[in-house]
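The values are calculated or read from the model by the stated rules, or taken from the named source; none is laboratory data. Predicted, not measured: the structure shown is a model, and the values here were computed from it. Reconstructed Cβ throughout: ideal geometry from the backbone, glycine too, with neighbour counts over all protein chains shown. With ligands, DNA and RNA removed, areas are computed over all heavy atoms of the protein, side chains included. Shrake-Rupley method; radii C 1.70, N 1.55, O 1.52, S 1.80 Å.
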Amino acid sequence: MDIVNATLSDYAVAHSDPADEVLRELAEETHRAFPEWTSMQITQDQGAFLTMLVRLIGARTAVEVGTFTGYSSICIARGLPADGRLLACDVSEEWTSIARRYWERAGVAEKIDLRLAPAADTLRALPRDEQRIDFAFIDADKPGYPVYYEEILPRLRPGGLIVLDNTLLSGRVADEEDLGEAATALRRMNAALVTDERVDTVLLTLRDGVTLLRKR
């Protein structure tokens, strides 16, 4: 299912804050190094959206589940104040070795704490005190979303945001005959979030679907 109109997509990108040289070169290197995984990288307009959200809520502490080559972490870190911190969770040294280089170039390396381990383990090890996290971005394995969400939410401050990426999954979530693991997991997740009284929920048709969750 084609859920993004190519002409309007180009128009939207052209009328959003442009990516700077660091982000452009990071996207290009990622495409060259991992052509089979390029769909895992967020787009320019998504990056600008993340930076704006972080700034809008005045976030000082953030968590990212699924770092890949570092595009989204740069965008989140740029929205944080000088003393802000981003905990970046991933399992690939190969992917994040690129991220580390571009974090240095972007001048945000000092804000980012990379943990190479299963994200569920990293999150469970965090102190379980409310208001530890202001902002979280989840963009990793889809069956893991419920676990990441339930580990982050108790540690999120009231008014804090969780952002889930790919919640439309190329339209597959609307196809009840698609019984694939990712589609089934996201379909269940989307249904559960609508009735979760702990959060305010909106699923946006931005790119592959972006869900915003505000803790009440």
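Between Ala117 and Arg32, the modelled label-to-label distance comes to 3.5 nm, taking each label 7 Å out from Cα in the direction of the beta carbon. Subtracting the Cα-Cα distance of Ile57 and Val4 from their residue separation scaled by 0.36 nm leaves 16.3 nm.
The mean accessible area for residues of the range 1-102, using a 1.4 Å probe and ignoring ligands and nucleic acids, is 50 Å² per residue. Converting phi to 3J(HN,Hα) with the Karplus coefficients 6.51, -1.76 and 1.60 and the offset θ = phi - 60°, the range 199-216 yields 9, 9, 10, 9, 9, 9, 8, 8, 6, 9, x, 10, 9, 9, 10, 10, 6, 6 Hz in sequence order, with x at every glycine or proline. Charges were assigned to the Cβ only: +1 to each Lys and Arg, -1 to each Asp and Glu. The resulting dipole of the range 106-205 about its Cα centre is roughly 300 debye. Towards the positive end of the charge dipole of the chain, with charges on Cβ (+1 Lys, Arg; -1 Asp, Glu), say which of Leu126, Leu53, Leu203 has the farthest Cα. Checking the options against the dipole of the chain, the answer is Leu126. For the pair Arg198 and Ala125, label points projected 7 Å from Cα toward Cβ lie 2.2 nm apart. Which FRET efficiency value, to the nearest 0.05, is calculated for His15 and Arg188 with the Förster distance at 35 angstrom and r the Cβ-Cβ distance? Given R0 = 35 Å and the Cβ-Cβ separation, E is 0.50. Per-atom-type breakdown for the chain gives carbon and sulfur 53% of the accessible area (1.4 Å probe, protein chains only).
Around the amide H of Gly160, modelled in the peptide plane, lie the amide H atoms of Lys215, all under 5 Å away and 5 or more residues distant in sequence or on another chain. From its DSSP helices (H runs of at least four residues, each -39,500 (n - 2.57)), the chain gives a residue-normalised ellipticity at 222 nm of -12000 deg cm²/dmol. Placing unit charges on the Cβ atoms only, positive for Lys and Arg and negative for Asp and Glu, gives the chain a dipole magnitude near 860 debye about its Cα centre.
Rolling a 1.4 Å probe over the protein heavy atoms leaves Phe34 with an accessible area of roughly 10 Å².
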